[in-house]
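Each remark here refers to the structure printed beneath this line.
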Amino acid sequence: MQHLEDFFSFKYFISPYVLFIFYYMGALGVPIASWLFTIWVKKKYWLVADIYTSGKKMLITTTRKKHRVWFLLLFGFLFLWMEIMWRMMFEFLIAYLQIRDALLVLVP
């Protein structure tokens, strides 16, 4: 009963545990969900599928293979960079909570 009272009075924080869940939801769930969403949109709306195929054909005919490879490398680099930024944001949040816990030990 004491644990439940501590939970509702904010003496016990669930943030360190919930942060791990939200980190993995964002790091793995968002890219997978957005990929599945684009597949769903292309299947559901024929106009989007037509625009995608015609845009893909036009892109292939108007650009060189070297530029397409550089674009894919840039996309991969930016994706990894955003994943690292996402990770660092959660590390700062977890460090803040650890600092808070360490300071509570100092206060009698």
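The values are calculated or read from the model by the stated rules, or taken from the named source; none is laboratory data. Since we're looking at a predicted model, the values are computed, not measured. Note that each Cβ is placed from the backbone with ideal geometry, even for glycine, and that neighbours are counted across all protein chains shown. Side chains are part of the model used for accessible areas, which takes the heavy atoms of the whole protein and leaves out ligands, DNA and RNA. Shrake-Rupley method; radii C 1.70, N 1.55, O 1.52, S 1.80 Å.
Remark: pairs (first residue in region 3-28, touching a residue at least 24 places away in the same chain (Cβ under 8 Å); second residue open to solvent by 100 Å² or more (accessible area, probe 1.4 Å) and assigned to a helix (DSSP H, G or I); Cβ separation under 8 Å; 6+ apart in sequence or on different chains) = Tyr23/Arg87; Ala27/Arg87.
Of all the numbered requirements in (1) within 30 Å of Phe13 (Cα to Cα); (2) out of contact with any Pro (no Cβ under 9 Å at 6 or more places or on another chain); (3) of a type in the set (S, T, N, Q), Thr38 misses one, and that requirement is (1). Scoring Tyr17 on the criteria (1) at pLDDT below 95; (2) surrounded by 11 or more Cβ atoms within 10 Å (Cβ to Cβ); (3) of a type outside the set (Val, Ile, Thr) leaves a single failure, condition (2). Count of region 1-14 residues, restricted to those that are of a type in the set (Phe, Trp, Tyr) and open to solvent by 100 Å² or more (accessible area, probe 1.4 Å), is 3. Listed by position, the helices (runs of 4 or more DSSP H) inside region 27-108 whose residues that are surrounded by 11 or more Cβ atoms within 10 Å (Cβ to Cβ), touching a helix residue (DSSP H, G or I) at 6+ places or on another chain (Cβ under 7 Å) and hydrophobic (A, V, I, L, M, F, W, C) number at least 2 are 46-62, 65-106.
Scan region 1-26 for residues that are touching a Leu at 6+ places or on another chain (Cβ under 8 Å), over 28 Å from Gly76 (Cα atoms), of a type outside the set (Ser, Thr, Tyr) and in a helix (DSSP H, G or I) and the total you get is 1.
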